[in-house]
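Below is one structure, written out as structure tokens; comments come after it.
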Amino acid sequence: MRLVLVFLLALGGAALADTARVAPQTPAQVRLSFAPVVKKAAPAVVNVYVSHVERMPRNPLFDDPIFQRFFGGGGGEGERVQKALGSGVLVDPSGLVVTNYHVVENATEVRVALADRREFEAEIALRDPRTDLAVLRLKSEGETFPTLEMGDSDALEVGDFVIAIGDPFGVGQTVTQGIVSALARTQIGASDYGFFIQTDAAINPGNSGGALVDLDGRLVGINSMIYSRSGGSMGLGFAIPVSMVKGVVAAALHGGKSVKRAWLGATLQNVSKDIADNLGLDRPTGALVVEVDSAGPAAAAGLKRGDVIAAIDGQPVDDAQSVGFRLGVKPLGGTARLATLRDGKTLDLPLKLASAPETPPRDALTIHGRSPFDGALVMNLSPAVAEELSLDGAHQGVVVAAVGENSTAAQVGVQKGDIVLAVNGAAIASTRDLERACAERSRWWDLTILRGGETIRTRLGG
């Protein structure tokens with residue numbers, strides 16, 4: 001009897017193996033295609049053409065009297081127009097287009113070409129450099145545009161089929177197919193909320209801002225970047241999950257110029273193997289709490305230094321960046337549950353989802369005059385400003401928010417994110433303090449700056 005059972009099982013296994021390798025039996029099986037998905041999604045994927053006028057510094061030779069005598073006084077600042085190409089996705093019938101921030105970062109003019117070859121001028125409605133996303137608004141009257149339905153990126157699994165649509169190298173709309181190679185890639189460094197979908201669908205320059213869709217024709221990601229040694233696709237493409245895109249689009253639909261997200265009020269770091277061993281964890285995963293702001297939501301929730309955040313609302317947390325993403329996609333006003341490890345026990349802590357306060361007011365201003373900060377945009381530091389500029393551990397002072405192109409500040413090495421502590425021995429506590437200090441004539445400028453956690457003191461000629 002046992003021999004008969006073994007024989008029947010072997011025969012059945014052979015039959016299953018043969019069935020798995022059967023060639024297509026009907027014309028319908030041969031014609032299996034992704035074409036229906038592409039027809040549904042492609043009309044909402046657009047090309048984004050960007051122009052940037054770069055102003056060249058004036059050559060001092062033009063001011064020379066001899067030059068003006070022989071050549072006239074027509075010399076001055078030169079201009080050079082740079083052009084770039086990317087892709088985008090229509091997400092609202094009124095003409096809202098999502099693309100990458102790096103596609104339109106320095107744009108002075110933006111045009112969008114639809115799949116049906118119509119072209120429209122566009123304005124940048126919202127910029128969100130922290131996620132590398134931007135929203136464009138097409139300039140049109142009475143037009144209704146095709147849109148791409150948003151899917152659920154949290155429902156994706158490794159191995160799922162996905163399709164990438166965009167305009168690589170400017171050759172025209174192109175479709176490539178692949179699978180989800182990995183999820184929750186956080187060590188990419190492309191944005192503050194790095195939590196990427198990795199795919200082997202071919203993504204090339206020009207695909208940035210294009211659509212990653214599932215087999216239902218729904219948007220699951222915005223193609224953002226590739227890893228390449230040659231400049232072309234090597235099967236390592238990364239897309240921003242649509243769960244992050246939804247918040248950016250919602251802010252733009254409500255007329256917002258920026259996106260407000262939940263503030264944790266704590267500094268985190270990844271859990272290494274040594275840290276895991278010291279804390280008695282069975283594996284190096286989660287986010288270690290290094291510092292807690294006494295006035296932030298984390299402190300109110302009961303989070304303490306040395307705690308390890310293991311999950312948020314049931315979603316596992318692998319590292320510190322995962323915490324930023326999980327909180328960044330949640331709407332303000334509610335509560336998130338933090339599964340926290342402390343002294344070998346798991347605690348369930350309620351975190352209020354509130355944005356970072358802007359206290360003190362930023363009082364932004366651009367410094368002018370003969371000083372090393374000429375052309376720098378500065379702000380009073382607050383939790384909100386620190387969040388915007390990704391300044392971990394910074395609490396007070398005056399921070400450089402931007403540096404003008406070809407400005408004195410840029411030439412002497414002032415950088416975005418620098419915190420100005422003192423100028424010529426005078427402590428700087430507000431933007432008005434810095435403005436007054438820079439208005440004084442000085443033969444030498446003695447500067448004290450905090451950069452990347454390191455205090456730098458330098459002396460420059462006036």
Checklist entry - Condition test on residue 158, is it within 21 Å of the chain's Cα centre (by Cα) and either at pLDDT 90 or above or not aromatic (Phe, Trp, Tyr) (or both)? => result no
Item to check | Test result for residue 215, over 26 Å from residue 324 (Cβ atoms) and modelled with pLDDT of 90 or more | outcome: yes
Checklist entry - Taking the stated definitions as given, is residue 366 surrounded by fewer than 19 Cβ atoms within 10 Å (Cβ to Cβ), touching a Leu at 6+ places or on another chain (Cβ under 6 Å) and of a type in the set (S, T, N, Q)? => result yes
Checklist entry - Any idea how many residues of the stretch 377-417 are free of Cβ contacts under 8 Å to residues at least 40 places away in the same chain, in contact with a Gly (Cβ under 9 Å, 6 or more places away or on another chain) and assigned to a loop (DSSP other than H, G, I, E, B)? => result 6
Checklist entry - Does residue 116 satisfy the criteria of being modelled with pLDDT under 95, under 22 Å from the mean Cα position of the chain (by Cα) and either within 28 Å of residue 175 (Cβ to Cβ) or surrounded by 14 or more Cβ atoms within 10 Å (Cβ to Cβ) (or both)? => result no
Checklist entry - Exactly one of (1) within 21 Å of residue 243 (Cα to Cα); (2) open to solvent by less than 50 Å² (accessible area, probe 1.4 Å); (3) part of a loop (DSSP other than H, G, I, E, B); (4) of a type outside the set (Val, Ile, Thr) is unmet by residue 306. Its number? => result (1)
Next on the checklist: I'm checking my understanding of the structure. Among residues of the stretch 275-295 that are buried (at least 16 other Cβ atoms within 10 Å of the Cβ) and in contact with a helix residue (DSSP H, G or I) (Cβ under 7 Å, 6 or more places away or on another chain), which one is modelled with the lowest pLDDT?
Outcome noted: 293
Item to check | Filter result for residue 401 (at pLDDT 90 or above, among the small types (Gly, Ala, Ser), under 26 Å from residue 130 (Cα atoms) and buried (at least 22 other Cβ atoms within 10 Å of the Cβ)) | outcome: no
Next on the checklist: When you scan the stretch 206-222, do you find a residue that is open to solvent by 40 Å² or more (accessible area, probe 1.4 Å), without any contact (Cβ under 8 Å) to a residue 60 or more places away in the chain and either under 25 Å from residue 259 (Cα atoms) or small (Gly, Ala, Ser) (or both), even just one?
Outcome noted: no
Item to check | Those residues of the stretch 441-453 which are surrounded by 12 or more Cβ atoms within 10 Å (Cβ to Cβ) and either in a loop (DSSP other than H, G, I, E, B) or not polar (S, T, N, Q) (or both), in sequence order | outcome: 442, 445, 446, 447, 449, 450, 451
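The values are calculated or read from the model by the stated rules, or taken from the named source; none is laboratory data. Owing to the predicted nature of the structure, the values given are computational and were not obtained by experimental measurement. Here Cβ is always computed from backbone atoms with ideal geometry, including for glycine, and neighbour counts include all displayed protein chains. SASA here: full protein model, heavy atoms, side chains in, ligands and nucleic acids out. Shrake-Rupley method; radii C 1.70, N 1.55, O 1.52, S 1.80 Å.
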